[in-house]
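Working notes for the structure below.
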Amino acid sequence: MSVGALFDEAAGGYDGARRRLVPGLDALYAALLEGLPFGEDEPVRVLDLGAGTGLLSAVIAGRFPRAKVTLVDLSVEMLRVARRRFAHEPGRFEFRVMDFARKDLPAGYDLVASALSIHHLTDGDKRETFEKVHGSLVEGGHFVNMDQVLGGTPQEEARYEEWWLRRVREAGASEEDLAAAFRRMRADKNATLADQLRWLKDAGFEGVRCRHEDHRFAVYGGRKKAEY
Ligand SMILES: C[S@@+](CC[C@H](N)C(=O)[O-])C[C@H]1O[C@@H](n2cnc3c(N)ncnc32)[C@H](O)[C@@H]1O
């Protein structure tokens, strides 16, 4: 089943299960916001890649009330939920059904953000996407990715897997939640954090760093150089 079809199928129950399936979600969002160098009143132009039902867009839009956000996703059904979420603020959110690994990205953004999406791409597509993200940012613009990563060794990967399963069970994930998550996880193509930080540098980013790491999940990114 394609990634788009998997998430079309998941869209209805997605938001309810998110918190149970991503241990430490609040800390991840907090780290992501903390790393953004914009003033709260700035009209930040944001591109959210793999925006899904709009959870990350909502977090960013909440912190920056004058931000305008473009939400990109290949799942029509996930974006349908996002359209409903933001229906009370017409004009502030734009929705594009598109495969960001295959199409050119729109340009002119101060911030490109992504959550839990880029790990669905092959490593080659991840590298290409990082290059396209660099191209879609204005000079001095920022990229931040909050995503799943692969353990650096088979032992570390096994620890991540054991940790995740223990934490989601503690959080009360139902057998139904877990079955749906395992089904989607078959489409995962996680890469190590070290590889991705290197690919960001290769794509031209500066100030590349990881801001938060908790077993399977990390928040990392970089800045597009500003020419003076
Ligand atoms: C796990 S969900 C994350 C959604 C949202 N960012 C969040 O944090 O809740 C992954 C999303 O990425 C989307 N996605 C995966 N690969 C994509 C691609 N190549 N182009 C566009 N969307 C993609 C899926 O359709 C899905 O909605």
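Derivation of every value follows stated rules applied to the coordinates shown; laboratory data play no part. Source: prediction; values computed, not measured. Cβ coordinates were reconstructed from backbone atoms using ideal geometry, including for glycine residues, and neighbour counts include every protein chain displayed.
See the values below:
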| item | result |
| --- | --- |
| Local electrostatic count, residue 160, Cβ distance below 14 Å [Lys/Arg +1, Asp/Glu -1] | -4 |
| Amide H partners (placed H, <5 Å) of residue 47, local residues excluded | 70, 111, 112, 113 |
| Compactness of the range 182-228 as Cα Rg over 2.2 N^0.38 Å, two decimals | 1.41 |
| Cα-Cα over 20 Å, subset of 103/225; 132/201; 201/224; 126/189 | 103/225 |
| Phi to ³J(HN,Hα) by Karplus 6.51 cos²θ - 1.76 cosθ + 1.60 over the range 79-84, Hz, x for Gly, Pro | 5, 4, 5, 4, 4, 5 |
| Karplus (6.51, -1.76, 1.60) ³J(HN,Hα), θ = phi - 60°, over the range 160-167, in Hz, Gly and Pro reported as x | 4, 5, 5, 4, 4, 5, 5, 5 |
| Simple Cβ-charge dipole of the chain, Lys/Arg +1 and Asp/Glu -1, about Cα centre, in debye nearest 20 | 260 |
| Rounded to whole Å, sorted largest first: equivalent-ellipsoid semi-axes of the range 46-119, Cα gyration tensor | 17, 14, 11 |
| Sequence-distant residues sharing a close amide H with residue 95 (under 5 Å, placed H) | 71 |
| Placed amide H near residue 152: partners under 5 Å, 5+ positions off or other chain | 157 |
| Helical mean residue ellipticity (222 nm; -39500 (n - 2.57) per DSSP H run of 4+; nearest 500) of the chain | -14000 deg cm²/dmol |
| Percent of alpha-carbon pairs separated by more than 28 Å within the range 1-145 | 12 |
| The range 101-200 pair-distance distribution - Cα-Cα, 10 Å bins, rounded % | 14, 39, 29, 17, 2 |
| Ordering of 124-132, 172-180 by burial proxy (mean other Cβ atoms within 10 Å per residue, highest first) | 124-132, 172-180 |
| Under the Karplus curve 6.51 cos²θ - 1.76 cosθ + 1.60, θ = phi - 60°, whole-Hz ³J(HN,Hα) for the range 182-192, x wherever Gly or Pro sits | 4, 5, 5, 5, 5, 8, 6, 9, 4, 10, 5 |
| Dipole of the chain [Lys/Arg +1, Asp/Glu -1 at C-beta], most positive-end residue of 32, 95, 136 | 95 |
| When the convex hull of its Cα atoms is projected in every direction, mean area for the range 141-217 (nm²) | 6.2 |
